[in-house]
Amino acid sequence: METPRIFESEYRFCLLLWEHEPVNSTRLVSLCKEQLGWSKATTYTVIRRLSERGIVKNENAVVSTLVTKEQVQSSRLNEMVEETFEGSMPAFIAAFSKSKRLSKDEVEQLKQLIDSYQE
């Protein structure tokens, strides 16, 4: 199953939810007000929209996610690579490494990752 698209504000909401789930919806409203500056109505609207798209569930006023943080991050990254780098992972890595100096450890991790695909 493909992970549904999650927009930036929804992603910030999910980060909060992953940190506290499962969480009572009243508590979630309070967290969203404190950390995102959202009103009660905004929070419930986002819960409803994400529920309709199969990203979260709200049962008996307890909200939890149906997708993992890793699934969402992977989906967002794939989308960005497709849109920005025409689907080219080497182009993405080249652009990324030009803007951020990679440590020796990070370079080694990337080499190991590439090697694992060649086996």
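Could you tell me whether residue 78 is without any contact (Cβ under 8 Å) to a residue 40 or more places away in the chain, surrounded by 14 or more Cβ atoms within 10 Å (Cβ to Cβ) and not basic (Lys, Arg)?
Taking the combined requirement at face value, the residue satisfies it.
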- Message: Condition (residue is touching a strand residue (DSSP E or B) at 6+ places or on another chain (Cβ under 8 Å) and polar (S, T, N, Q)) applied to the stretch 55-68: is it met by at least one residue?
- Response: yes
- Query: On the given criteria, is residue 14 touching a Phe, Trp or Tyr at 6+ places or on another chain (Cβ under 7 Å), at pLDDT 95 or above and among the hydrophobic types (A, V, I, L, M, F, W, C)?
  - Reply: no
- helices (runs of 4 or more DSSP H) contained in the stretch 1-92 and holding at least 1 residues acidic (Asp, Glu) and under 16 Å from the mean Cα position of the chain (by Cα): 8-20, 69-85
- Task: Considering only the stretch 1-24, state which residues are over 15 Å from residue 70 (Cα atoms) and surrounded by fewer than 16 Cβ atoms within 10 Å (Cβ to Cβ).
- Result: 7, 8, 9, 20, 21, 22, 24
- Query: Just wondering, is there one or more residues in the stretch 55-64 that are hydrophobic (A, V, I, L, M, F, W, C), within 30 Å of residue 95 (Cα to Cα) and surrounded by fewer than 14 Cβ atoms within 10 Å (Cβ to Cβ)?
  - Reply: no
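The values are calculated or read from the model by the stated rules, or taken from the named source; none is laboratory data. Remember, it's a predicted structure, so these values are computed and weren't measured experimentally. All Cβ positions, even for glycine, are placed from backbone atoms using ideal geometry, and neighbour counts span all protein chains on display.
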